[in-house]
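A.B. asks: Take this structure first; my questions come after.
The values are calculated or read from the model by the stated rules, or taken from the named source; none is laboratory data. Just so it is clear, the structure is predicted and the values come from calculations on it, not from any experiment. Cβ sites come from the backbone with ideal geometry, for glycine too, and all protein chains shown count toward neighbours. We work out accessible area using only protein heavy atoms, side chains counted, and drop any ligands, DNA or RNA first. Shrake-Rupley method; radii C 1.70, N 1.55, O 1.52, S 1.80 Å.
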Amino acid sequence: MKKLILLILIAMNFSCSRTNEISAQDDPLLQIAQDRRSIRSYTDRPISRETMDSILTIAALAPSSYGQNPVEFVVVEDKETLRKLADCKAIGAPSVRNATAAVVVMADTTKGELWVEDTSVAAAYLMLAAQEHGVGACWNQIHLRDGQRNSASREICELLSIPSRYEVECVMAMGYPAENKPPRSAEDMKKGRIHYAK
């Protein structure tokens with residue numbers, strides 16, 4: 001009986017120690033988050049409609065305040081339109097100009113006041129989904145940024161015939177990576193940034 005109890009205690013201790021040492025191999029989402037980097041250089045390989053649909057399905061599943069789902073997406077693939085889209089931001093958006101595709105992440109502002117938060121959550125889902133599909137992405141901030149003549153958001157809405165009740169949070173440049181960035185270290189990234197109780 002004592003041997004059985006000892007074996008159970010050893011097994012429990014081993015199990016607990018393994019639980020505390022979560023590695024990227026044990027946690028696929030951790031692996032995706034560590035591997036995800038902002039990619040600004042892309043190959044010419046197109047993103048298939050099936051892949052883009054899969055990525056956007058995950059982004060559309062992001063939570064929104066009060067479940068109002070104000071976030072919508074516009075996919076831009078035409079090279080000339082990508083160039084014009086990049087120029088809608090006064091300081092420019094080189095990753096959009098170089099992209100295979102770009103996703104405009106916007107919200108219908110009549111569906112709630114927390115649209116900035118809602119679009120930001122959806123954009124984060126979009127980046128992780130792109131990483132999971134092997135597609136590089138780079139967030140280009142649009143909200144509160146100047147355009148050439150107006151706000152960058154207004155100029156994008158004009159360019160893409162988006163109704164005036166919408167506001168653009170960001171434009172996600174996307175494409176298969178033409179650059180290789182090393183994964184981030186989860187331990188380094190969380191050092192001094194996670195607190196419990198207070």
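A.B. asks: How long, wide and thick is region 22-132, going by the Cα atoms along their three principal axes, in whole angstroms, largest first?
C.D. replies: Its Cα atoms span 43, 39, 28 Å along the three principal axes.
A.B. asks: Suppose R0 equals 22 Å; then what is the FRET efficiency for Lys190 and Val116 from their Cβ-Cβ distance, rounded to the nearest 0.05?
C.D. replies: Details: r = 25 Å, r/R0 = 1.15.
After rounding to 0.05, the efficiency reads 0.30.
A.B. asks: Which of the three applies to region 83-137, rounded, prolate or oblate, going by the alpha-carbon gyration tensor with a ≥ b ≥ c and a/c under 1.5 meaning rounded?
C.D. replies: oblate
A.B. asks: Solvent-accessible area per residue for region 29-95 at a 1.4 Å probe radius, Å²? Can you show the working numbers first?
C.D. replies: Working: 3840 Å² over 67 residues.
That works out to 57 Å² for each residue.
A.B. asks: Whole angstrom only: what separates the Cα centroid of region 117-161 from the Cα centroid of region 40-112?
C.D. replies: When both Cα centres are located, 6 Å separates them.
A.B. asks: Something else: Given all pairs of different Cα atoms, what value in angstroms does the Kirkwood hydrodynamic radius of region 74-184 take?
C.D. replies: Evaluated over region 74-184, this radius sits at 14.2 Å.
A.B. asks: Ranked highest first by the average count of other Cβ atoms within 10 Å around their residues, in what order do 39-48, 91-100 fall?
C.D. replies: For the peptides 39-48, 91-100, the packing ranking is 91-100, 39-48.
A.B. asks: Then there's this: Highest mean first, what order results for 77-86, 172-181 on Cβ atoms within 10 Å?
C.D. replies: 172-181, 77-86
A.B. asks: Further, regarding this structure: Take Lys181 and Arg49, extend 7 Å from each Cα along the Cα→Cβ direction, and tell me the distance between the two endpoints in nm.
C.D. replies: 3.1 nm
A.B. asks: Still on this structure, please answer the following. Carbon-plus-sulfur fraction of the accessible area of region 53-198, 1.4 Å probe, in percent?
C.D. replies: 51 percent
A.B. asks: By DSSP, what percent of the beta bridges with both residues in the chain are antiparallel, rounded to the nearest 5?
C.D. replies: Given both bridge residues lie in the chain, the antiparallel proportion sits at roughly 95 percent.
A.B. asks: Two-decimal Rg/Rh of the chain from alpha-carbon positions, Kirkwood Rh?
C.D. replies: The Rg/Rh ratio comes out at 1.12.
A.B. asks: Under the 0.36 nm per residue contour assumption, what length would be gained going from the current alpha-carbon distance of Glu72 and Gln148 to full extension?
C.D. replies: 24.9 nm
A.B. asks: Excluding Ala122 itself, what net charge comes from residues whose Cβ is under 12 Å from its Cβ, given Lys and Arg +1 and Asp and Glu -1?
C.D. replies: -4
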